[in-house]
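Remarks on the structure that follows.
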Amino acid sequence: MLDDLVARVRRLGRTDHDQRVILGIAGCPAAGKSTLAALLVAELRRLGEPATLVPMDGFHLSDAALELLGRRDRKGAIDTFDGAGYLALLRRVRTDRQRTIWAPGFERDLEQPIAGTVPVTPAARLVVTEGNYLLAEADPWPLVRAELAEVWYCQLDDAVRRERLVGRHVEFGKTEDEARRWVSAVDDPNARLIEAGRDRADLIVDMGNSGAPGERTG
């Protein structure tokens, strides 16, 4: 299955030689977006394609900004990201192949965005970006979608996905009870918003219980 997905990305990369091709990977929290994006980029590079991964997570607002806005207890919601900044970066990434572009990353141990950590070099023709809200209808996300050649949606059984989320929150400092409350109060409402855009995806990728790409439809 991964071979088929890689072949599809490579075909996208042949459509425009002057501008970069950007593939978006969307899905609910813990559905396997990061896993799929990393697998694709690693395989593309192995095949000699200078691909780069630019995660949307670099556009999380910092905890300090969220405190200022009163949104710290909803971190991960659609309005806790700098969507306009992400859009501006994607536009530059797609059109500017003259210089290295430095995108922000996200440090999981700190749970904070880190500026200027992901280089997109002039040689990179393919960029993979992954994030929750690539198919959302709220401003500015339709404009984000317009910068992407395709958007794929990672599908995973909700029960499996929620347990992964609980484990992730526990790994980064919450108790299990705190983690389950956060999933119920914050992650689940976000997931419902994300799922509303599923039918707008160009491809549905079944991530299976293992988190590896499985049967695909669409």
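Read-outs throughout are calculated quantities, based only on the coordinates presented, and are distinct from any laboratory measurement. What you see is a predicted model; the values in this text were computed from it and never measured. Quick reminder, even Gly has a Cβ in these numbers, built from the backbone with ideal geometry, and neighbours come from all protein chains shown.
Structure values in brief
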{"read-out": "Reported label for calculated mean projected area of the Cα convex hull in nm² given (i) 12.5; (ii) 11.4; (iii) 20.3", "value": "(ii)"}
{"read-out": "Spin-label pair ASP109/ALA38, simplified geometry with 7 Å Cα→Cβ offset, distance in nm", "value": "1.5 nm"}
{"read-out": "In nm, spacing of pseudo-spin labels at ILE204 and ARG46 (7 Å Cα→C-beta vector)", "value": "2.8 nm"}
{"read-out": "For ILE25, residues with placed amide H under 5 Å, excluding near neighbours", "value": "THR129, GLU130, GLY131, TRP152"}
{"read-out": "Volume in Å³ per residue [convex hull over Cα atoms, computed for region 75-115]", "value": "72 Å³"}
{"read-out": "Cβ-defined net charge surrounding GLY58, 13 Å radius [Lys, Arg +1; Asp, Glu -1]", "value": "-4"}
{"read-out": "Spatial separation of Cα centroids for region 34-52 and region 138-202, in angstrom", "value": "23 Å"}
{"read-out": "GNM result for the chain, Cα springs below 10 Å: residue of ASP206, ASP79, ASP177 fluctuating most strongly", "value": "ASP177"}
{"read-out": "Theoretical gain in end-to-end length, ALA65 to ARG92 [0.36 nm per residue, Cα-Cα removed]", "value": "7.2 nm"}
{"read-out": "Extension gain from ASP157 to ASP4, taking 0.36 nm per residue of separation minus the Cα-Cα distance", "value": "52.9 nm"}
{"read-out": "Unit charges on C-beta of K, R, D, E only; dipole of region 2-202, Debye", "value": "660 debye"}
{"read-out": "Peptides 127-139, 190-202, 152-164 ordered by average Cβ neighbours within 10 Å, highest first", "value": "127-139, 152-164, 190-202"}
{"read-out": "Potential extension, LYS75-ARG192 segment - 0.36 nm per residue separation minus Cα distance", "value": "40.6 nm"}
{"read-out": "Peptides 142-148, 65-71, 97-103 ordered by average Cβ neighbours within 10 Å, highest first", "value": "142-148, 97-103, 65-71"}
